[in-house]
Structures are given as structure tokens and as C-alpha cells.
Amino acid sequence: MKKIGILSDTHGCWDDRYSLHFTGCDEIWHAGDIGDIDIIRRLEEIAPVVRAVAGNVDHGAVCRRCRELEIFTVGQVNVLLTHIGGYPGRYSPGMKNLLVENRIKLMVDGHSHILKVMPDPVLDLLHVNPGAAGNQGWQKVRTLVRLIIDGPVIRDLEVIELSKTILRS
């Protein structure tokens, strides 16, 4: 059983509530537009495993460290993590084939700043876009997601809402 914290679109913004909500997670996944490599370093202080992908605004140290796409397995769940991937019924070009070929059961992406948790009954997978955790963009509420992967089961998905105010110690 693995507890997973998921965020995206921090755009270089650190909020101490990331630590509050992700303490106790086995892994943290960042779905791109990280904005500053220090975000990854600080997440690594919280969880033993941090997986992150570069987004369309990332450059420099973030792009040297993070690829645009990661495919991995947690428990018995094949996961695809990317920044721009679309969503069920409107996947980015080539994404549907990648999902099928790799037998993906959990797709995580960001980019839109729109929180979406959607099943894809055709591909038999769950799509998660955690929305935006940073303060850049038009979103009124910043969001994070937590879930548990227990063998082949994805369960206990929680959406965490953060106010526009950033907390820093």
C-alpha cells in the first residue's frame, strides 16, 4: 500500500501546506510547470520518492532533471505522468495509443489548472489532473490530490483545497 500526494503547476511557488498535506506520503508526483528546481528539492524533504515531469514553462535545472513523460508501476498499477496529456475523450495526439500500449491504469497530468478526476471506461483507467497548486493563473482555488494505491486498487482519493493565500515559514 502506497500513499501518494499529487500536485501540478506550482510555477515556482512554495506553500508550507504542501508539507502539511503530503507528510506521511510514500511518494509525491508533480505533473509539471514546476517553475524552480527548489520545489523538487523541498518535496524530497517530505517523501522518500518524488517523481516529476517538466512542463511547458520549465527550463534549465528542471528540464535537465525531469523528462516530459514518466511511465512507472506502483503496486500493480501502471502510471503515466506527464504535463500535457488531455483527458478521456480528448487526449493529446498519440496519447491514447501510449496509454493502451503500456496498459496504463492511472494517468496524471496538469497544464489546464483545472481539477479533473475522470474515469475512462473505454481504456479502463482513471485520469487525474490535480489542478494548480501555485498562485499563477486564473484559478480561484488551488488544489492538491492524495490517493492510495493498494495492489491493483486506486482508493481513498482526496481533493485538498488551498486558499489563494500562500503560507511560508
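The values are calculated or read from the model by the stated rules, or taken from the named source; none is laboratory data. This one's a predicted model, so the numbers in the text were calculated from it and none came from an experiment. Cβ atoms come from the backbone with ideal geometry, glycine included; neighbour counts cover every protein chain shown. These area figures cover heavy atoms from the full protein model, side chains too; ligands, DNA and RNA do not enter into them. Shrake-Rupley method; radii C 1.70, N 1.55, O 1.52, S 1.80 Å.
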_Test for HIS83: is it open to solvent by 70 Å² or more (accessible area, probe 1.4 Å), farther than 19 Å from ASP15 by Cβ and touching a residue at least 24 places away in the same chain (Cβ under 8 Å)_ = no
*asked:* Just to check your reading of the model, which residue among ILE149, ILE84 is closer than 15 Å to GLY55 by Cα and touching a Gly at 6+ places or on another chain (Cβ under 9 Å)?
replied: ILE84
*How many of the residues making up the range 129-142 are touching a residue at least 40 places away in the same chain (Cβ under 8 Å) and either touching a helix residue (DSSP H, G or I) at 6+ places or on another chain (Cβ under 8 Å) or open to solvent by less than 60 Å² (accessible area, probe 1.4 Å) (or both)?*
8
*Looking at (1) outside any loop (DSSP other than H, G, I, E, B); (2) free of Cβ contacts under 8 Å to residues at least 60 places away in the same chain, can you tell me which one TRP29 breaks?*
(2)
_Residue check for LEU20: open to solvent by 40 Å² or more (accessible area, probe 1.4 Å) and out of contact with any helix residue (DSSP H, G or I) (no Cβ under 6 Å at 6 or more places or on another chain)_ = yes
*Which residue pairs have Cβ atoms closer than 7 Å, lie 6 or more positions apart in sequence or on different chains, and pair a first residue in the range 95-117 that is under 11 Å from LEU81 (Cα atoms) with a second residue that is open to solvent by less than 10 Å² (accessible area, probe 1.4 Å) and assigned to a helix (DSSP H, G or I)?*
MET107/LEU99
*asked:* Looking at (1) under 14 Å from the mean Cα position of the chain (by Cα); (2) closer than 20 Å to ASP33 by Cα; (3) at pLDDT 95 or above, which one does MET95 not meet, given that it meets all the others?
replied: (1)
